[in-house]
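Notes to accompany the following structure.
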Amino acid sequence: MIDAQSSMVEITHLEKRFGAEIAVEDFNLSVGKGEFVTLLGPSGCGKTTTLRSIAGLEKLDAGEIRIGQNIVVSADKNIFLDPELREIGMVFQSYAVWPHMTVFDNVAYGLRVRGTKASDLKKKTTYALELVGLDHLADRFATKLSGGQQQRVALARAICYEPNVILFDEPLSNLDAKLREQMRDEIVKLQKEVGITSIFVTHDQSEALVMSDRIVVMDKAVIQQIGDPKSIYSNPVNSFVANFIGVANLFQGKLIGVEGTECQIEINFGNALATKKLLSTGGDNLNLGQQVFLSVRPEDIKLSTKKSTGNVEANCIEGIVLDTVYLGNFLECRVKIGSHEMIVQIDHFEQLDKGQTVYVSFLPQHGLTLPN
Amino acid sequence: MAQAIAPVEPVQTWRRFLTQETIVTVIVGLIVAVAVILPLITLVVSSFLVLDDLGFDTEWGLENYILLYTDRVIPKAIFNTFIISSGTMILATFLGVSLAWINARTNCPWADYLEPYNLIPFFLSPFVGAIAWHNLASPRIGLLNVWYRDFFGAEGYLLNVDNLWGVIWVTGLFFTPLVYLFVIGSLRRMDPSLEDSARTTGAGLLRTTLTITLPLVTPAILSGAIIVFVTSAGEFGVPFKLAAPYGWETLTTQIFTKAVGDDANHYLGATMSMVLGVITVILIWVQRVYIAPRSYTTVTGKGFRPNVLDLGKWKWVAFGFNLSYIFVAVVLPIFCLFIVSLHPVWTAEIIPSDMSMNNYVKTLFWWREDSIRAATDGIINSFILAFSGASIAMVLALVVSYMIHRTKGFGSKVLDILCVIPIGFPGIVLAMGVLVTYIQTPIYATLWILLLGYITRFFPYGQRNIASIMLAISEELDQSSRMSGATWFTTLRRITIPLLKPGIFAGWVLLFVIFLRELSISIILYSTGTETISVGVYYLANFENEALTSALSMTQTVVLLICIYIFRRVAGKEALSA
Amino acid sequence: MNTEDKNYLVVDQLVKWFGSDRAVNGISFSIEKGSFLTLLGPSGCGKTTTLMSIAGLHAIDAGEIRVGDTIYTSREKKIFLPPEKRDIGMVFQSYAIWPHMTVKQNVAYPLEIRKLHADEIDERVNKVLELVGLSEMAEKLATQLSGGQQQRTALARAIVSNPRLLLFDEPLSNLDLKLREQMRVELKRIQNEVGITSIYVTHDQSEALVMSDEIIVMSKGRIEQRDPPLAVYSKPVNEYVSQFIGVANLLKGKVLSEAESGKGKVDISTSITGLSCDCLLSSEMKKGDEVVVSVRPENVSVSRDNTDSSGIEGKVNAAIFMGNCVDCRITSGSYEWKVLTHPRENLNEGDRVFLHLDPEHTLAVTP
């Protein structure tokens, strides 16, 4: 999918330890020119360490990183380029806007250190400020700006001198909810407009889904899955990915049959139903009799007050309404099935009473069998 | 399960103003206001009173101010004060910034162990430091000069501290921790991504240091420098020991000469104090209004460690530099005091066979016939003053902090200003104010006037200790106690004070230390029978010999070192940076 | 239910000035005993000031607040009950857990103040800690707890004395997203269980929608709307509420005609040329009135073909995949619609589509 020739950042076998603790292990990634790649994972998964290694703010224990034409660090070849020589831009969580300079001086800094001609400098800086919509505040001191504006200054500062790649270290997590969404859209727009290669670190899965061309899901220092947002959401490779990205109903059970794309899982719900055989997909590489997870998204589940018939009959389960909460765009209903709970998303309003008996069902192709 | 609170009679509005809270705070507020304002006003007024030739009557006039220009000595003293303050500022800033940078930002070996020792001079008496350095490096009897002559067979001397340079050297060494504390806090709290982003933007290490790091700590450096300038202008002990006897008078030594003694002219003393006071007020105002608000230290959510620079082999140079500072500022003077104190008379020669503890016996054992009253009384008085002074001051500080940071009225703003005034004020100036105010009252020539002077001048230090913690703990902690049904007083007792306990104790020890070594206030306000340790040292230096002086100085230093140790154990590292 | 229970807490014509700003501008409301009311609004709308006035943490400038037959404060009657006499439990944004006490000591504090017998204190504290799920943490120092656990401790402390009122001042806003969502449900469950009348202040509309029995939407010191969550969301009374709660497509228009039972036609041709739509009108709207038509993104349905030729033609500008839904921007004329679609509909950028509005979910509101 990514042409090796046009790849802007190439990371091979990256490894980083802090004392005895392994922060990142065997990390391999190739980022194409103009691509927006997100490193996503819970805190402590190694995503920030990876980003800081690319920036040159951390040294490596093994592996190699290439940016553009240059190998910027290689443990084997004993190469380490200082951050300022890597032709990168970086946006930090804390904005890191220099408080003793004006907005203009902040943004122009990268050009100044590169010895850009005065006329060019003014032109490029003004252009960068226009891109982020701050040209009217150029003479303001950075400390007089709001959080969102400061983050825009940081963004303009990072793109102003046209680096090979721009690195984002959770840049939105200090902003409040409404502003976060707004900045999120702005960064995506700007990135597409400028076409700059970007690597973005976040722990917020919705940010990752909305912004990225590709997502790298990390957990416990290791890459769990790489793919575009849709495929990661709809085809997670394991229960961690399924649960971390979006909401997933996960049920543990035993794989008892595979037939074409469909497979059969036996789940013990621990109630009158006792065990129930459900149909699902994706059991191809798994062995019969193995313990597996069945994963179903809340929006793929149908809830009805009557027993369904037809295609979904096999995957119809009886449950009791625990509660429903109104989340604005939709209702979220928790259904108790034996000792298990299931979350169901209902797009249009329906009157559901606590304790009411309901039937939940899903199409076999919307269920996914995942290794335990 | 419901245990409802019994219905309560509604409280009428006018009675709302008679709560526990308002009664306590108003009374304490008034006490503080009177204690701080009265001496200052009296000082200003007295500076315009001119004593007639007979020394009995006074009349209004500007003659005192005219004398500032026309007197034979005073203009020179003002000039010398300026030289000393500037020199001290430069030396202390250079040392303070270098040491702070080495400790906060380089891989200097064992920096963690060195740090507490860098701060020791802050707690010791500069006066005692001057005495020690006099014994180390005066031309004739200085130990270093003696060794120089012995080893190299040379004539004359290597070092001479009995002049303005000597004063600058000693005050510079002793005030270095002031700059150090300001700068190291700023360097440590700086968000490392401010520097990281310069690096990723393309600036090299040197450029980042010059265009980002240095400008960001500049406000802290300037603040430290100004505080050093002001403090050294008000320093009395060092110029009194090293400069005045050799013909270099300063403002403080002149104030002392004019205010104490048989032909004392308090009014001229007050006028000279005004000069020092005005300089102080202007500089402190500049620091607070223009420099402190520019402090850029940003607080980040993530607790990153600051960026550390790998110095390579140079780290040993940094280590050596730091070690040298501790050696000349702490180890060498204390060693010298100890050696000198063991000899019956100091003849600039170490004679092991003469060594004894006799000097300690004379200055410590108050029950013996041959003890020296000024010394033994001084020790007892100092402990009484330090203990009661620190306790009273901390109670005041607690209530005042509460008023400033928890009640938001006009009164709290006034109090805030009142608490700033004494902080930078030279002790000798405030002592002059206290002296002219209370000289006609019964408290004059008692320990009470010293106590009053101490508390007025230093309770803001304690207040700051409490305030820094009070600002850090949310007001909601108090409010939730009120919401739980506790009254104001119960909340104070069970929540506020326990939470502030580390701050209160740290403040108490700090004041205890300051009071134990206090000289500039004591020297103006003491009289026979109310000497303090430092006054005792002054007495011995003037009327006895160097060996006895060193013995009492050594005693004071040891007590202070013990206090520092306790302070660090209890308050931890953090409390100091307040 | 008698009227006393219906009007358990009464806030009457409350006014509070801050300097020259009227933070609260003469608001009145009452709460039914045992219910959960949320004050919702942007920062500076007066919601926190109202809460602080009820708590007694500051004095008021006019009006009256009473619970049952106890007057908490009244400007006219010159009454001000200090906070500790009001018998209120409060949960703060910063948790306000006393760091020098253990969890158990924190929770026991209100009971000790009330001078209860040690055995009873012990019993009630244990019971409440069990309720909030902190029984194992009882002997831990508050500083050793995570944010979520601290907030549970704060809640336990607030309810242990079984106060008359429970006040929440944005208690979840310091927690991170996942924990916040979890704590909402938890808080609501516990409140349900103990049944203490609660007032909750927040700026987060989703929190308000999930937790409340009723929501009061505030702006600039005034009440804009008071309704149960569903009604606030689906029947906002004006443009402000409509855009503050959730996302809405808002189109300026003019009432063309009124039909029976609150229905009517509104001309929205200023936004989309030649278009009018059927929608719900409020009773006071008349022909010719300037209104704003509000449609929620999830109430716009999308089809590929225009079988009954009633659809509004548009082009997909952006289709942002959000996992459980796709957030689409669809332009028709000069207007850009925000539409939420199911991922399985598989809309892509550049697709030509037709939009359908459901008259039951299309609302005319006052500008």
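The values are calculated or read from the model by the stated rules, or taken from the named source; none is laboratory data. For clarity, every value in this text was computed on a predicted model and none was experimentally measured. Please note: Cβ atoms are built from the backbone with ideal geometry, for glycine as well, and neighbour counts cover all protein chains shown. Heavy atoms of the whole protein, side chains included, go into the accessibility calculation; ligands, DNA and RNA do not. Shrake-Rupley method; radii C 1.70, N 1.55, O 1.52, S 1.80 Å.
For segment A:87-118, how many residues meet the condition of being at the interface with another protein chain (Cβ under 10 Å from one of its Cβ atoms), in a loop (DSSP other than H, G, I, E, B) and open to solvent by less than 50 Å² (accessible area, probe 1.4 Å)?
Qualifying residue count for the region: 10.
So residue B:202 clears everything in (1) in contact (Cβ under 8 Å) with a residue 12 or more places away in the chain; (2) within 13 Å of another protein chain (Cβ to nearest Cβ) except one condition, right? Which one?
That leaves (1) as the condition not met.
Which one of the conditions (1) closer than 18 Å to residue B:201 by Cβ; (2) among the hydroxyl-bearing types (Ser, Thr, Tyr); (3) open to solvent by less than 20 Å² (accessible area, probe 1.4 Å) does residue A:127 fail to meet, given that it meets all the rest?
(3)
Checking residue A:76 against (1) out of contact with any Gly (no Cβ under 9 Å at 6 or more places or on another chain); (2) away from chain B (no Cβ under 14 Å); (3) not β-branched (Val, Ile, Thr): exactly one of these is not met. Which one?
Against the list (1) out of contact with any Gly (no Cβ under 9 Å at 6 or more places or on another chain); (2) away from chain B (no Cβ under 14 Å); (3) not β-branched (Val, Ile, Thr), residue A:76 comes up short only on (1).
Checking the conditions here, which among C:33, C:78 is open to solvent by 40 Å² or more (accessible area, probe 1.4 Å) and without any contact (Cβ under 8 Å) to a residue 12 or more places away in the chain?
C:78
For segment A:337-363, which residues satisfy the criterion of being assigned to a strand (DSSP E or B) and within 14 Å of chain C (Cβ to nearest Cβ)?
Answer for segment A:337-363, where residues must be assigned to a strand (DSSP E or B) and within 14 Å of chain C (Cβ to nearest Cβ): A:341, A:343, A:344, A:345, A:346.
For residue B:34, are the conditions met, namely being at negative phi and without any contact (Cβ under 8 Å) to a residue 60 or more places away in the chain?
Yes; evaluated as a whole, the condition is true for this residue.
Please go through segment C:90-119 and give me each residue that is within 7 Å of chain B (Cβ to nearest Cβ), crowded, with 21+ Cβ neighbours inside 10 Å and within 26 Å of residue C:60 (Cβ to Cβ), ordered by number.
Scanning segment C:90-119 gives C:90, C:92, C:96, C:110.
What tally of residues in segment C:181-193 results from selecting those that are closer than 15 Å to residue C:168 by Cα and in contact with a helix residue (DSSP H, G or I) (Cβ under 7 Å, 6 or more places away or on another chain)?
The qualifying residues number 5.
Sort out which residues of segment A:141-188 are under 24 Å from residue A:121 (Cα atoms), surrounded by fewer than 16 Cβ atoms within 10 Å (Cβ to Cβ) and not β-branched (Val, Ile, Thr), and write them in order of number.
A:144, A:162, listed by residue number.
Given the condition buried (at least 19 other Cβ atoms within 10 Å of the Cβ), touching a residue at least 60 places away in the same chain (Cβ under 8 Å) and not in a helix (DSSP H, G or I), answer yes or no: does some residue in segment A:189-196 qualify?
There is at least one residue in segment A:189-196 that is buried (at least 19 other Cβ atoms within 10 Å of the Cβ), touching a residue at least 60 places away in the same chain (Cβ under 8 Å) and not in a helix (DSSP H, G or I).
Of the residues that make up segment B:334-353, is at least one in contact with a helix residue (DSSP H, G or I) (Cβ under 8 Å, 6 or more places away or on another chain), among the β-branched types (Val, Ile, Thr) and in a loop (DSSP other than H, G, I, E, B)?
yes
Just need a number here: residues in segment B:211-255 that are open to solvent by 30 Å² or more (accessible area, probe 1.4 Å), not in a helix (DSSP H, G or I) and not acidic (Asp, Glu).
2
Considering only segment A:316-329, I want to know if a residue exists there that is modelled with pLDDT of 85 or more, more than 28 Å from residue C:187 (Cβ to Cβ) and surrounded by fewer than 18 Cβ atoms within 10 Å (Cβ to Cβ).
The answer is yes, given that some residue of segment A:316-329 is modelled with pLDDT of 85 or more, more than 28 Å from residue C:187 (Cβ to Cβ) and surrounded by fewer than 18 Cβ atoms within 10 Å (Cβ to Cβ).
List the residue pairs whose Cβ atoms are under 8 Å apart, where the first residue sits in segment C:169-196 and is at positive phi, the second is assigned to a helix (DSSP H, G or I) and surrounded by 14 or more Cβ atoms within 10 Å (Cβ to Cβ), and the two are 6 or more positions apart or on different chains.
Close Cβ pairs satisfying both conditions: C:170/C:48.
Within segment B:471-502, can you find the residues that are charged (D, E, K, R) and surrounded by fewer than 21 Cβ atoms within 10 Å (Cβ to Cβ)?
Residues satisfying the conditions are B:475, B:476, B:493, B:494, B:501.
I'd like to check which strands (runs of 3 or more DSSP E) are fully inside segment A:1-86 and have at least 1 residues that are among the basic types (Lys, Arg) and surrounded by 22 or more Cβ atoms within 10 Å (Cβ to Cβ).
Here the list reads A:7-18.
Filter segment C:39-64 down to the residues that are within 13 Å of another protein chain (Cβ to nearest Cβ) and surrounded by 17 or more Cβ atoms within 10 Å (Cβ to Cβ) and list them by number.
The answer is C:40, C:48, C:51, C:52, C:54, C:55, C:56, C:57, C:60, C:64.
What are the residues in segment B:185-210 that are of a type in the set (Val, Ile, Thr) and open to solvent by 10 Å² or more (accessible area, probe 1.4 Å), if any?
Selection gives B:209 alone.
Select from segment C:1-24 the residues that are loosely packed, with under 13 Cβ neighbours inside 10 Å and in a loop (DSSP other than H, G, I, E, B) and list them in ascending order.
Residues satisfying the conditions are C:1, C:2, C:19, C:20.
Quick test for you: out of B:423, B:428, B:449, pick the one residue that is in a helix (DSSP H, G or I), within 24 Å of the chain's Cα centre (by Cα) and over 20 Å from residue B:278 (Cα atoms).
One residue alone meets the criteria, B:449.
Name the residues in segment B:534-545 that are surrounded by fewer than 22 Cβ atoms within 10 Å (Cβ to Cβ) and farther than 16 Å from residue B:371 by Cβ, would you?
Correct list: B:542 only.
Checking residue C:27 against (1) assigned to a strand (DSSP E or B); (2) open to solvent by less than 10 Å² (accessible area, probe 1.4 Å); (3) within 13 Å of chain B (Cβ to nearest Cβ), which test does it fail?
In the conditions (1) assigned to a strand (DSSP E or B); (2) open to solvent by less than 10 Å² (accessible area, probe 1.4 Å); (3) within 13 Å of chain B (Cβ to nearest Cβ), residue C:27 misses (3) alone.
Kindly indicate whether residue B:468 is farther than 30 Å from residue B:239 by Cα, open to solvent by 10 Å² or more (accessible area, probe 1.4 Å) and away from every other protein chain (no Cβ under 14 Å).
yes
Quickly run through segment C:281-314 and pick out the residues that are surrounded by 20 or more Cβ atoms within 10 Å (Cβ to Cβ) and over 14 Å from residue C:328 (Cα atoms).
The answer is C:281, C:291, C:292, C:293, C:294, C:295.
Please work out which residue is least open to solvent (accessible area, probe 1.4 Å), limiting yourself to segment C:250-280 and to residues that are over 31 Å from the mean Cα position of the chain (by Cα) and touching a residue at least 40 places away in the same chain (Cβ under 8 Å).
Looking at the filtered set, the residue picked out is C:272.
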